[in-house]
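Read through the structure below, which is laid out as structure tokens, and then see the notes.
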Amino acid sequence: MDFTYTETQEMIRDTLARFLMDNYDFDKRQKMIASDGGRDPAIWQSIAGELGLLGAAFGEEYGGLGGGMTEHVVIMEELGKAIAVEPYLQTAVIGGSALKSTGGPLAEAVIPQIISGEAIIAFAYAEPQGRYNLANLTTTAKKDGSGYTLNGHKSVVYTAPWATHLLVTARTGGGSRDRDGISLFLIDAKADGVVKRDYPTNDGFMASEIYFENVAVGSDALLGDEGGALPLIELIVDEATVAVCSEAVGVTTRLHADTLEYSKQRQQFGQPIGRFQVLQHRLVDMMMEVEQAKSMTLMAMLRLDLPAEERMAAVSQAKAKVGRACKFVGQNAIQTHGGIGITDELAVGHYFKRATMIENQFGSIDHHYVRLEQLTLAA
Amino acid sequence: MNLEFSADELAFQQEVRDFIAANYPADVRAKQDAGEELGKEDYLKWHRILFKQGWVAPAWPEEYGGPGWNPTQRFIFSEEIAAAECVQILPFGINMVGPVIYTFGTPEQKERFLPRILSGEDWWCQGYSEPGSGSDLASLRTKAVLDGDEYVVNGQKTWTTLAQHADWGFFLVRTDNEVKPQEGISFLLIDMKSPGIEVKPIITLGGHHEVNEVWLEDVRVPVDQRIYEENKGWTCAKFLLAHERTGIAAVARSKRGIEKVKDIARSELDDEKPLMANPFFRRKIAELETDLTALEFTELRSLAGENAGKGPGPEASLLKIKGSEIQQRITELVLEAVGHYGAPYFRGFPEGSNEYPIGPDYAHQAAPTYFNARKTTIYGGSNEIQRNIISKMVLGL
């Protein structure tokens with residue numbers, strides 16, 4: 001048994017943490033979000049070039065550093081500590097997972113662009129009617145000559161306004177909730193017929209509603225087997241879920257640290273409020289939630305290679321627990337700060353917003369308990 | 001023991017209902033329905049209509065312009081107002097400073113201020129909290145020094161709700177540093193247009209401008225604008241806190257809130273079925289309704305006590321704690337119900353064509369409302385302070 005990170009992994013953490021401290025403090029983040037386009041593209045270029053981190057989880061054959069999920073977990077935790085609104089999850093984790101898993105010419109072409117910072121990917125999977133069921137799809141990809149024609153509507157596609165590529169789930173066959181008949185495509189974000197309505201999100205990112213209106217897609221855009229992509233999509237989403245759990249560890253770590261610091265500083269009734277036992281116990285409870293979130297993230301990460309059912313059960317346990325931690329730590333951080341916690345100017349409120357959005361990202365607490373029960377509790 | 005209203009009370013209820021239906025301003029209703037932010041005029045419009053009817057200050061004694069209702073009538077009135085989703089009559093004048101003035105003020109002060117509070121001519125704000133004095137309010141440091149027949153006030157207040165619209169503010173200020181903190185505080189009425197006052201907005205997490213900082217620099221306040229004796233302001237403040245309890249449980253509003261959650265859960269699809277069919281989500285609604293019923297009947301028992309002539313006691317803290325927790329849980333359920341569409345941020349965002357809408361309308365404010373509702377367990381004496389009050393005053397710990 002070994003829970004230590006390798007030297008390289010520690011180096012990745014230190015490099016990124018230092019970079020974010022210098023270039024991504026809270027004030028700078030708020031300025032980027034408020035600027036046109038909602039981000040500073042130079043940051044992404046630095047993470048790619050100067051830091052060389054976008055290749056951390058790709059094999060050397062693509063020009064990467066040869067790492068994997070552990071590198072993603074390290075990077076996502078640090079991004080979470082800075083509530084960075086960079087497209088790492090969508091591009092390197094999700095896009096990377098899809099391309100690495102399927103290989104071939106598309107992977108050979110696009111992965112180097114991810115590593116160099118040229119390609120930004122957005123994952124267009126959710127639809128208004130489907131909630132968290134990945135198989136509930138009405139977007140269709142109809143066979144058309146040698147390629148396909150895409151039609152449909154995707155909901156709340158994070159990072160789509162910045163994306164060069166869209167990773168799209170669509171039906172090439174089957175009924176609207178069938179496990180069979182689902183395919184995965186990587187298409188040009190600016191293809192004819194891709195209509196986007198862009199908007200900011202409550203946690204500082206940008207997202208889009210995407211409508212595909214007779215978008216012509218070549219057969220080379222297909223990732224994996226036609227009609228048989230659901231198991232791959234489930235794997236990609238499980239990996240993304242672990243990554244977002246790690247981000248949540250970073251976010252809740254900061255929420256707890258800021259609250260602890262505040263309760264040592266803030267004086268009421270002639271003493272720091274941290275002297276009051278009711279707040280002492282609350283801070284202990286928050287810390288325990290953060291520690292368990294960290295444990296569950298590593299647990300799920302270490303079980304990603306197990307057979308699908310065991311993997312899914314592990315990921316659902318982790319996400320349910322982490323979702324609860326986001327809620328508990330976030331709400332109590334605000335409560336302990338009092339009025340100042342509700343202002344826009346203090347960082348803690350913005351960490352709370354991201355924590356709140358993570359609660360439902362890739363499935364609510366209820367969703368993951370239901371999936372877990374279906375997998376593990378035979379009646 | 002019975003739960004029924006008398007025939008007179010039922011007739012009164014119908015009268016209130018009919019009045020609201022016939023007189024509530026349509027343009028304000030339209031703004032509310034569209035989820036638009038309400039301005040000063042929107043609040044005042046309804047205020048003036050109730051004033052004309054003689055109903056704007058249900059709790060005031062008749063001699064000062066109250067309608068002479070008993071506690072049950074006041075309860076019915078506030079239930080109907082909430083059920084019809086009328087805009088709130090802002091509490092700072094009617095519920096807060098008004099009762100302080102008619103209880104502790106001089107005849108001249110009553111004559112000068114009360115009619116303009118009733119009519120809505122003066123908009124009031126509350127200068128209590130300071131950056132260093134929140135839960136520990138009595139430690140406040142804004143200083144007032146007597147100079148001839150005027151006080152000179154210096155200091156900073158914060159969390160001052162809607163001060164950007166205010167004509168007048170009631171302030172707690174320190175007039176004696178040498179005594180116990182509670183014994184050196186005075187209650188001043190200050191014209192918000194006085195030289196030396198600066199109101200600075202505080203933007204909250206939901207993106208709203210609701211609260212402000214109020215800075216006071218050498219603000220001169222005539223001594224006849226002090227209520228009650230010098231250094232007896234804490235008595236006024238404590239009295240006011242007891243009056244603030246009116247409607248503190250927000251039962252009627254929460255009932256409407258739960259109905260909205262149900263509507264949303266019936267519209268939202270959870271994979272193949274409506275979210276309302278999801279056993280976990282249903283259970284959360286059922287629990288919430290059960291807790292709200294418990295709160296409602298606790299409030300009714302307290303109201304019955306008031307009808308029997310018992311003054312409001314520390315059980316108000318119970319109503320505040322449970323009422324605020326329920327309000328927050330409602331916003332949590334709405335956010336959970338809207339799923340992916342909790343993420344888009346709409347504030348100040350131009351509503352474009354209807355051709356490509358961003359999720360259902362009811363989702364647009366779900367997250368900001370949830371964020372903003374965190375304040376309910378903080379303001380009006382945080383829930384931690386309310387628990388201290390119960391443990392000290394009720395349990396004797």
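The values are calculated or read from the model by the stated rules, or taken from the named source; none is laboratory data. Owing to the predicted nature of the structure, the values given are computational and were not obtained by experimental measurement. As a convention, Cβ positions derive from the backbone with ideal geometry for all residues, glycine included, and neighbour counts pool all protein chains shown.
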Within the range A:151-181, take every residue that is within 14 Å of another protein chain (Cβ to nearest Cβ) and of a type in the set (D, E, K, R) and give me the one that is nearest to A:V110 (Cα to Cα). A:K154
Is one or more of the residues making up the range B:118-128 at positive phi, touching a helix residue (DSSP H, G or I) at 6+ places or on another chain (Cβ under 6 Å) and surrounded by 18 or more Cβ atoms within 10 Å (Cβ to Cβ)? yes
A careful count of residues in the range B:269-282 that are more than 8 Å from chain A (Cβ to nearest Cβ) and within 32 Å of the chain's Cα centre (by Cα) gives 2
Taking B:K110 as meeting all but one of (1) surrounded by fewer than 18 Cβ atoms within 10 Å (Cβ to Cβ); (2) under 19 Å from the mean Cα position of the chain (by Cα); (3) of a type outside the set (S, T, Y); (4) over 26 Å from B:F5 (Cα atoms), write down the number of the exception. (2)
Identify all residues within the range B:120-141 that are away from chain A (no Cβ under 14 Å) and closer than 26 Å to A:Q335 by Cβ; write none if there are none. B:C125, B:G127
Residue check: is A:T149 in the same structural domain as A:A207 (by TED's automatic domain parsing) and not in a loop (DSSP other than H, G, I, E, B)? yes
Residue that is surrounded by fewer than 18 Cβ atoms within 10 Å (Cβ to Cβ), β-branched (V, I, T) and either part of a helix (DSSP H, G or I) or not assigned by TED's automatic domain parsing to the domain that holds A:D180 (or both), where the choices are A:V237, A:V249, A:V290, A:V284: A:V284
Of all residues in the range A:182-204 being under 22 Å from the mean Cα position of the chain (by Cα) and in a loop (DSSP other than H, G, I, E, B), the one that is nearest to the other protein chains (Cβ to nearest Cβ): A:N202
Would you mention how many residues in the range A:186-236 are polar (S, T, N, Q) and more than 23 Å from A:G38 (Cα to Cα)? 2
Hits in the range A:223-282 (condition: within 14 Å of chain B (Cβ to nearest Cβ) and on the phi > 0 side of the Ramachandran plot): A:F269, A:G270
Of the residues that make up the range A:216-227, is at least one outside the structural domain of A:K100 (by TED's automatic domain parsing), touching a residue at least 24 places away in the same chain (Cβ under 8 Å), crowded, with 16+ Cβ neighbours inside 10 Å and within 21 Å of the chain's Cα centre (by Cα)? yes
For the range B:44-131, which helices (runs of 4 or more DSSP H) that fit wholly inside it have 2 or more residues that are aromatic (F, W, Y) and over 27 Å from B:R226 (Cα atoms)? B:71-83
State all residues of the range B:298-316 that are over 11 Å from B:A249 (Cβ atoms), in contact (Cβ under 8 Å) with a residue 40 or more places away in the chain and either outside the structural domain of B:E384 (by TED's automatic domain parsing) or part of a helix (DSSP H, G or I) (or both); if no residue qualifies, say none. B:E306, B:N307
